[in-house]
Amino acid sequence: MADRTIGELPVADHLDDESLLVVEQQGEARSIQGLLVRRFAEAATEGAVQAAQAAAEQAEQSAQDAANSADQAAKSADEAAESAQSAQQYSGKPPRIQNGTWWIWNAGTQQYEDTGEAARGNVMYATFAVTPETGELIMTTPDEYRGPVFYLVNGILEVAINHA
């Protein structure tokens, strides 16, 4: 091979582990095998390969997280739509008094249901009635009544607004 210069040699189309290459190292001519070049290339790219693998794993995890978030968002949207529909039903169906008890709308059964709770308010005023047979005046108040006090003085009904 000494009869030709490097430039005159044919160009190799690939490099395998057994390939021999001429190099100059510290002023001396030496040869190296393709295996050494391959190991050098592997060592040089190992950090980049590990970083790429980590990035791929992170991307896969992010994609899974995004899919889970999308599923949760869809579920939340469905629940919100159901809640809105239920709220719309309730807004048009206020509680009502029927047969002396409160009845409330049940969106699930699409009908009013008896709560069993008596529909009576606290009457916070005095009511009066006269017994026709006797002419007796009767005043009725709830137990917790704290309004004006009434007195019958010489046949005249008096009201004490400020009483102690």
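If residue 130 satisfies every condition in (1) surrounded by 11 or more Cβ atoms within 10 Å (Cβ to Cβ); (2) modelled with pLDDT of 90 or more; (3) of a type in the set (A, V, I, L, M, F, W, C) but one, which is the exception?
Every condition holds for residue 130 apart from (1).
Can you pull out every residue in region 1-33 that is in contact with a Gly (Cβ under 6 Å, 6 or more places away or on another chain) and not in a loop (DSSP other than H, G, I, E, B)?
none
Considering each residue of region 133-164, count those that are at pLDDT below 85 and out of contact with any strand residue (DSSP E or B) (no Cβ under 9 Å at 6 or more places or on another chain), and give that number.
Here the count works out to 9.
Being assigned to a loop (DSSP other than H, G, I, E, B) and either in contact (Cβ under 8 Å) with a residue 60 or more places away in the chain or not aromatic (Phe, Trp, Tyr) (or both) is the requirement here; does residue 139 meet it? Talk me through it step by step, then tell me what you get.
Numbers: assigned to a loop (DSSP other than H, G, I, E, B): no; either in contact (Cβ under 8 Å) with a residue 60 or more places away in the chain or not aromatic (Phe, Trp, Tyr) (or both): yes.
Against the criterion (assigned to a loop (DSSP other than H, G, I, E, B) and either in contact (Cβ under 8 Å) with a residue 60 or more places away in the chain or not aromatic (Phe, Trp, Tyr) (or both)), residue 139 does not qualify.
Every residue in region 5-42 that is surrounded by 10 or more Cβ atoms within 10 Å (Cβ to Cβ) and touching a helix residue (DSSP H, G or I) at 6+ places or on another chain (Cβ under 8 Å), please.
Scanning region 5-42 gives 15, 16, 17, 19, 21, 22.
Tell me which residues, restricted to region 133-164, are of a type in the set (Gly, Ala, Ser) and surrounded by 11 or more Cβ atoms within 10 Å (Cβ to Cβ). Break it down into steps so the answer makes sense when it comes.
Applying the first criterion (of a type in the set (Gly, Ala, Ser)) to region 133-164 yields 135, 147, 155, 160, 164.
147, the sole residue that qualifies.
The values are calculated or read from the model by the stated rules, or taken from the named source; none is laboratory data. Only a predicted model underlies this, so the values are computations on that prediction, with no experimental measurement involved. Cβ atoms come from the backbone with ideal geometry, glycine included; neighbour counts cover every protein chain shown.
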